[in-house]
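Taken together, the values in this text are just the output of simple stated rules run on the coordinates, not laboratory data. Since the model is a prediction, treat every value here as computed from it, not as a measurement. We place every Cβ from the backbone using ideal geometry, glycine too, and count neighbours over all the protein chains shown.
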Amino acid sequence: MAEEALWEIPPELRIDCAAVRDGLVRFLREEIGRAGFHRAVVGLSGGIDSALSAFLAVEAFGADDVLLVRMPYETSSPESLGDAQAVIDTLGTPSETIAITEQIDAYFRQFPQADALRRGNKMARERMSILYDLSRVFDGLVVGTSNKSELLLGYGTQFGDLASAVNPIGDLYKSQVRQLARFCGVPRQILIKPPSADLWPGQSDEVELGSTYAEIDRLLYGLVDQRLDLEQLIGRGFSTEMVEQVLKRMRQNQYKRRMPVIAKVSTRTIGADFRYPRDW
């Protein structure tokens, strides 16, 4: 994607970056504070989503109270590792770099036939396991890095990169993440790089999804925020095939967007009858 195309945001997806930034910073302080913590842990991939979460966490708590963690595998892009380091250097936070190659390879020696997706999911869960362990040492909560586009499409690993204690960017489409990241000062090389989970060499989000995030975000906004039907979306220029594919992904991945469903056998079941706000 040409660099100038990144900033061609449809009117309906434009945000007041200052207001959104302030609201998300307040959200982090309030939600993490309610749980009795005042520190945060963020896993850094070298991509724009985790970079933005890191910038917001530092704005909320200060550099000394945010731990940024790089967790490369041997095939991880050196550029991604360098981009993550650029965020660490810019923010001046404590950091850890923990390679996951040894434990991943030890597991898959038992399953040499495992495909790239299976290995990628294992890596994502291994990284989250590390973040939660370090959060105990650092006495902070894990901050999420999944945006609204990914959550709606199920583009993430359950109990892997989709896991967190709080998520400041989960209601921002990818196009809006780009706007806010630029406003917050995320390094330029991260702003303009092609989106990738970096789970295997050459992996690309947009190639796997079959469309650019700009196109997907417009469609998701119409489906979710404006509640448009198929006929209305086709009238906006989307193909029937694309709309049906996105709807299918949203439906199939609903289970990733909620806590595990508990079978009801008592009069007060957690998540059904026994429901209290987090700060009760």
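Data overview
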quantity: Approximate spin-label separation Arg249-Asp273, in nm, with each point projected 7 Å along Cα-to-Cβ; calculated: 4.0 nm
quantity: Long-range lysine pairs (8 or more apart or interchain), the range 3-257, Cα under 20 Å; calculated: 9
quantity: Longest site-free stretch - the chain; sites: trypsin sites (Lys or Arg not before Pro), DSSP loop, at most 12 other Cβ within 10 Å; calculated: 110-226
quantity: P(r) tail fraction, the range 41-160 - alpha-carbon pairs more than 19 Å apart, %; calculated: 48 percent
quantity: Amide H contacts under 5 Å for Val41, placed H, 5+ residues apart; calculated: Leu67, Leu141, Val142, Val143
quantity: Cα centroid of the range 139-178 to Cα centroid of the range 47-117, whole Å; calculated: 15 Å
quantity: Efficiency of FRET between Arg227 and Phe27 - r from beta-carbon atoms, R0 35 angstrom, step 0.05; calculated: 0.90
quantity: Over the chain: helical MRE at 222 nm, DSSP H runs n ≥ 4 each giving -39500 (n - 2.57), nearest 500; calculated: -14000 deg cm²/dmol
quantity: Residue among Ser146, Ser175, Ser76 with the largest mean-square fluctuation in a Gaussian network model of the chain, springs linking Cα atoms under 10 Å; calculated: Ser76
quantity: Under the span-like rule (Cα at least 30 Å along the axis, Kyte-Doolittle mean at least -1.0), DSSP H helices of the chain; calculated: 116-138
quantity: Arg236 versus Cys17: modelled label distance in nm, points set 7 Å from Cα along the beta carbon direction; calculated: 2.4 nm
quantity: Linear extension gain, Ile262 paired with Gln103, 0.36 nm per residue minus alpha-carbon span; calculated: 54.0 nm
